[in-house]
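Each reported figure results from applying straightforward, stated rules to the coordinates on display, with no laboratory input. Since the structure is predicted, the reported quantities are computational estimates derived from the model, not experimental observations. All Cβ positions, glycine included, derive from the backbone under ideal geometry; neighbour counts span all protein chains shown.
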Amino acid sequence: MRYIRFIVDQRINEAVTVLRNGGLVALPTETVYGLGADAENELAVRRIFAVKGRPASHPLIVHLGDTSDVRSWARDVPNTFYALARAFWPGPLTVVLWRSDRASDAVTGGQDTVALRVPDHPLTLEVLRAFRGGIAAPSANRFGKVSPTTAEHVRAELGSDVELILDGGPCSVGLESTIVDLTKAEPRILRPGGVSREDIIRVLGRPVGLGPAGDDVRAPGMLASHYAPRAGLLVVPRDTLFAEAEQRQAEGKRVAVLAPPTTKLPAGVHRHEVPGDAEGFARELYGALRKLDAEGFELVVTAMPGEEGLGLAVKDRLLKAAAPRG
Ligand code: TXA
Ligand code: MG
């Protein structure tokens, strides 16, 4: 026990040292792996954008070790924030607040708001608390691609571009955090994610908008094509899944279907088994898309989920992965 404790501490010290030296550390969170840098080191933050191939105008989430840290990163914090933080932090919720001077243009893309989150992973919380600063971290994948849910995914995609990859096991939620904008009169979900819309409405006891407001294009997750595998993705009504899979296969495509074991499929179509519930599907979706890409499938077909609970976030990611590629 003492020995294991020692090993864990060494990795945390190493991560903190890399961060302090302006390096990049891939960190496990409950949602997806993040590509982390010291949020107050502009050069380090710029390297995140370079490694991801991400436009500098797309702001990053600053990860914090504790709710109390929010005070130094944001100003004019509304009461709705405290209600949400009490209910969901540490956890898969990101809040957008008015930024303080501590949040630089490099992190916020020059906006007057900042996105903040306390992630729920023991290893990363220890790193954050030992580092005592904010860690800016987007998902640890190349821009527009599928987010990583294991350390191996990060290694395969970013490998030597990162100083250190902390392996914290597979992510328990499996898709990104819910982003809630608290700078408007009505709270708005900019990106559905690991905390359901229903739970946010229940905690706030008031209406919560969905989607960016009007001309707002601040969240690149809102771009039409995103989270995309190499294979094509086709999302169809549940009752047409059998016929669609059969037709695409007859067209000569290498077709795989993401479906629970109980779903009936045409003979010869490859089934990649996924749980039938939204939580289970969310947890396994990105890993499944990566695996099917590696196995050379040309088309992945799956059924449109309902919008209850994590279904809303799953649907959002499926539609973006299925969107025409620019
Ligand atoms: O679960 C997650 O949120 C993961 C883990 C690593 O924490 N992170 C993640 O980061 O998904 P990323 O960069 O892939 O997506 C962050 C999203 C982007 O869509 C970005 O535009 C949005 O957050 N965002 C960041 N700052 C914002 C701001 N000030 N206003 C509106 N949206 C913002
Ligand atoms: Mg991302």
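Sorting 137-144, 270-277 by their mean Cβ neighbour count within 10 Å, with the most densely packed peptide first, gives 137-144, 270-277.
For the chain, relative contact order (Cα pairs under 8 Å, six or more residues apart, normalised by length) works out to 19 percent. Note on the stretch 98-216: with charges restricted to the Cβ of Lys and Arg (+1) and Asp and Glu (-1), its dipole about the Cα centre is near 280 debye. Could you calculate the contour length gain from R142 to S57, that is, 0.36 nm times the residue separation minus the distance between their Cα atoms, to one decimal place in nm? Between R142 and S57, full extension yields an extra 29.0 nm.
Once Rh for the stretch 1-123 is found with the Kirkwood sum over Cα pairs, what is the Stokes-Einstein diffusion coefficient at 4 °C and 1.567 mPa s, in µm²/s? Estimated via Stokes-Einstein, D reaches 84 µm²/s.
Near the amide H of A74, within less than 5 Å, lie the amide hydrogens of S100, all on another chain or at least 5 residues away, with H placed in the peptide plane.
Pairs K253/K291; K52/K320; K145/K315; K145/K264: which are spaced more than 23 Å apart, C-alpha to C-alpha?
Details: K253/K291 17 Å; K52/K320 18 Å; K145/K315 17 Å; K145/K264 30 Å.
Too far apart for the 23 Å limit: K145/K264.
Relative to the longest principal axis of the Cα atoms of the chain, helix 122-131 runs at roughly 30 degrees. Against the main long axis of the alpha-carbon atoms of the chain, helix 42-52 sits at an angle near 10°. Amide H contacts under 5 Å for Y227: G144, K145, restricted to partners 5 or more places along the chain or on a different chain, H placed in the peptide plane at 1.01 Å from N. Dimensions of the chain based on its C-alpha atoms, expressed as ranges along the principal axes with the largest first, amount to 58, 48, 41 Å. For I165, nonlocal amide neighbours, meaning residues 5 or more places apart or on other chains whose placed amide H falls under 5 Å from its own, are A26.
With +1 assigned to the C-beta of every Lys and Arg and -1 to the C-beta of every Asp and Glu, and no other charges, what is the dipole magnitude of the stretch 216-326 about the Cα centre in debye, to the nearest 20?
Values: 15 positive and 15 negative charges, 73 e Å.
Roughly 340 debye, rounded to the nearest 20.
Dipole magnitude of the chain about its Cα centre, charges +1 at Lys/Arg Cβ and -1 at Asp/Glu Cβ only, in debye to the nearest 20? All intermediate terms of the calculation are to be shown ahead of the outcome.
Details: 40 positive and 40 negative charges, 43 e Å.
Around 200 debye, computed over the chain.
Looking at the chain, the DSSP beta bridges with both ends there are about 40 percent antiparallel.
The phi torsions of the stretch 63-72, fed into the Karplus equation with coefficients 6.51, -1.76 and 1.60 and a -60° offset, translate into couplings of 8, 10, x, 7, 3, 5, 5, 4, 4, 8 Hz, rounded to whole numbers, with Gly and Pro shown as x.
Quick one: of the DSSP bridges fully inside the stretch 22-179, what percent are antiparallel, nearest 5?
Around 65 percent antiparallel, to the nearest 5.
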